[in-house]
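Comments concern the structure below.
The values are calculated or read from the model by the stated rules, or taken from the named source; none is laboratory data. Everything quoted here is computed from the prediction, not taken from an experiment. Please note: Cβ atoms are built from the backbone with ideal geometry, for glycine as well, and neighbour counts cover all protein chains shown. Calculation scope for accessible area: heavy atoms of the full protein, side chains included, ligands and nucleic acids excluded. Shrake-Rupley method; radii C 1.70, N 1.55, O 1.52, S 1.80 Å.
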Amino acid sequence: MSTWGWRSHFYSSVPLGWALQAAGHEVRVAGHPSMAATISAAGLAAVPLGADVDFAEAFAGRIGAVAPLTGSAPAGTVEPAITADGGVVRFADAVLDDLVSFGRTWRPDLVLWEPFNLAAPVAAAALGVPGVLNLWGPDSSTTLRLDPDAVVGPLAARFGLRAADVPLDGVLTLDPVPPPMQVPMRRPGRPVRFVPYNGPAVVPDWLRRPADRPRVCVTAGTMMAGAGLHDRLDLGGVIRAVAGLDVEVVVVVEPRQRAGLGPLPARVRLADGPLAVRLVLPTCAALVQQGGAGTTMTALAYGVPQLVLPQVSDQHFNAERLAATGAGTWLPGEQATAATVRDLVGELVGEGPRRRAAALMRDRVHAMPSPADLVPTLAALARGGPI
C-alpha cells in the first residue's frame, strides 16, 4: 500500500489493510517519513521512504476556492488541475525512486493506492505488478485537468516507461460510494463498503451517556489546518450559530484551530483528546462540516444528515454529490450567515426528508461488500488472475 501527503488520505485505506492482514497477507504501507507514526498507530507496518514535503508550502496558492460544479466561476477561484510543477507531483517526486527501490527488494504482488497518488501507479508499472486504486469518496478526479505526457511522462521515463504505460486508475478501482452519490466510473470497478477510520481515539466519559438534547457535531476535518487554511471559515461563528438552537454542540477540531474559535456558549462541548468523528457521529442528529471526503463518508455511513460549508479543493464536489442524495445540503461562503446556518441545522435535526434520505444512504453503504469480502478478489488479482 502506498500513501502520500496527509494522514486523512491514508485513513481511507486502513480498513482494507486490516482485512488483508487479518486474512494472512503481508501488508506494508509506504509513505513519507512524517507518515510513519500515523501508519503504525493504525496497526499496520510503516515503510518510511523518500523525503518529507511540507503540505501547506507545496500547495500554497493552489488550494483555493474551487468553483462549484454548477453556475459561473466567482472571481479568484482556482482551476482544479494536476500540473507538472504542482504539489501532487512534488509529493510523488519525493518518494518515487525509493518506492521502486523498496519494491524491487520486497517484491510485492499487488500495489494499492489512494486518489492523486502518482508515485504508486508509476511504481506498479515499473515493478510489473497489478495496481488498485482505492477511492476515498466521490471521484473528484473527473473534474480535474491532467496532461499525462506532461505530468506523468517525466516520472515514468525514469524507469524506461511512457505515460501511456502507467494506468493511473490501476487495473481495478474500489468504489465506496453508493448511487446516486458517485459519478459513473471510467474503469473496471468493485463496490466496497466504507468503514470509518479517523485515527486513534479514546471514548470520553460524557460520550458513554445519552445526551439530554439532540447532539450536533461541528468539525473542520484535518486538511484545512494541515494546509494552513483553517482561517478560511469563521468556525467560531458557525458554532455559536448552531448553539442558538436547543441542541448540544460537540466541536471536533485540530489543536491549532482552537485558539481562533473565540468565546463559546456553555452548551458547547469542545472535545479534547483523540476523539475521532466515527465515535461521536452515531450519537448525533446532524453534522456541520467543511466537505472533506472522509468526514462526508463517515457521516453517510452512520445516516447523519449533513450541512456542508465547502471552502477549497474537492469540497464543492463532495457537497454537490451529497446534495444529490437528499441526505444533506450545502452553502457557498457568501450565503453561510449565522441565521441561515441555524435554520438549516434546525431542519436537519428534525424528522424530515433529509433524515429519511440519510437513513436510506446509510442502508446502501451497509449493503455493500465489506473490505474483508474484497480480499479474495485482490488475492486472485495478485496471483495474476482476471478482475
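Which of (1) closer than 30 Å to Pro332 by Cβ; (2) out of contact with any Lys or Arg (no Cβ under 9 Å at 6 or more places or on another chain); (3) buried (at least 21 other Cβ atoms within 10 Å of the Cβ) does Gly87 not meet, given it meets every other one?
Unmet condition: (2).
This table checks each residue for (1) in contact with a strand residue (DSSP E or B) (Cβ under 6 Å, 6 or more places away or on another chain); (2) of a type in the set (A, V, I, L, M); (3) modelled with pLDDT under 95.
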site	(1), (2), (3)
Asp109	no, no, no
Leu112	yes, yes, no
Pro121	yes, no, no
Ala126	no, yes, no
Asp139	no, no, yes
Thr142	no, no, yes
Pro148	no, no, no
Val152	no, yes, no
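Quick one: is Val100 more than 25 Å from the chain's Cα centre (by Cα), open to solvent by less than 20 Å² (accessible area, probe 1.4 Å) and of a type outside the set (S, T, N, Q)?
Numbers: more than 25 Å from the chain's Cα centre (by Cα): yes; open to solvent by less than 20 Å² (accessible area, probe 1.4 Å): yes; of a type outside the set (S, T, N, Q): yes.
Against the criterion (more than 25 Å from the chain's Cα centre (by Cα), open to solvent by less than 20 Å² (accessible area, probe 1.4 Å) and of a type outside the set (S, T, N, Q)), Val100 qualifies.
One line per residue, one yes/no per condition, for (1) modelled with pLDDT under 95; (2) crowded, with 17+ Cβ neighbours inside 10 Å; (3) touching a strand residue (DSSP E or B) at 6+ places or on another chain (Cβ under 9 Å):
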residue	(1), (2), (3)
Arg7	yes, yes, no
His25	no, no, no
Ala41	no, no, no
Gly61	yes, no, no
Ala65	yes, yes, no
Gly71	yes, no, no
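Considering (1) over 27 Å from Ala259 (Cβ atoms); (2) outside any helix (DSSP H, G or I); (3) in contact with a strand residue (DSSP E or B) (Cβ under 9 Å, 6 or more places away or on another chain); (4) not hydroxyl-bearing (Ser, Thr, Tyr), say which one Ala357 fails and leave the rest.
Status for Ala357: all satisfied but (2).
Among the residues that make up region 85-95, is at least one of them on the phi > 0 side of the Ramachandran plot and among the charged types (D, E, K, R)?
Scanning region 85-95, I find no residue that is on the phi > 0 side of the Ramachandran plot and among the charged types (D, E, K, R), so the answer is no.
Has region 47-57 got at least one residue that is small (Gly, Ala, Ser), surrounded by fewer than 20 Cβ atoms within 10 Å (Cβ to Cβ), modelled with pLDDT under 90 and assigned to a helix (DSSP H, G or I)?
yes
Could you run through region 149-176 and say how many residues are within 20 Å of Ala367 (Cβ to Cβ) and either open to solvent by 10 Å² or more (accessible area, probe 1.4 Å) or among the acidic types (Asp, Glu) (or both)?
1
If you go through region 212-224 one residue at a time, how many are open to solvent by less than 40 Å² (accessible area, probe 1.4 Å) and either hydrophobic (A, V, I, L, M, F, W, C) or modelled with pLDDT under 95 (or both)? Step through it out loud before you land on a result.
First, pick out the residues of region 212-224 that are open to solvent by less than 40 Å² (accessible area, probe 1.4 Å): 215-224.
In the following step, the residues that additionally are either hydrophobic (A, V, I, L, M, F, W, C) or modelled with pLDDT under 95 (or both) were identified as 216-224.
Residues flagged as open to solvent by less than 40 Å² (accessible area, probe 1.4 Å) and either hydrophobic (A, V, I, L, M, F, W, C) or modelled with pLDDT under 95 (or both) within region 212-224 amount to 9.
Which of the residues spanning region 320-337 are among the small types (Gly, Ala, Ser), part of a helix (DSSP H, G or I) and at pLDDT below 95?
Within region 320-337, Gly333 is the sole residue that qualifies.
Criterion first (open to solvent by less than 70 Å² (accessible area, probe 1.4 Å) and over 19 Å from the mean Cα position of the chain (by Cα)) does Pro204 satisfy it? Can you show your working first?
Values: open to solvent by less than 70 Å² (accessible area, probe 1.4 Å): yes; over 19 Å from the mean Cα position of the chain (by Cα): yes.
Against the criterion (open to solvent by less than 70 Å² (accessible area, probe 1.4 Å) and over 19 Å from the mean Cα position of the chain (by Cα)), Pro204 qualifies.
Test Pro353 against the stated conditions and say whether it is within 15 Å of Ile239 (Cα to Cα), touching a residue at least 24 places away in the same chain (Cβ under 8 Å), of a type outside the set (Val, Ile, Thr) and surrounded by fewer than 19 Cβ atoms within 10 Å (Cβ to Cβ).
no
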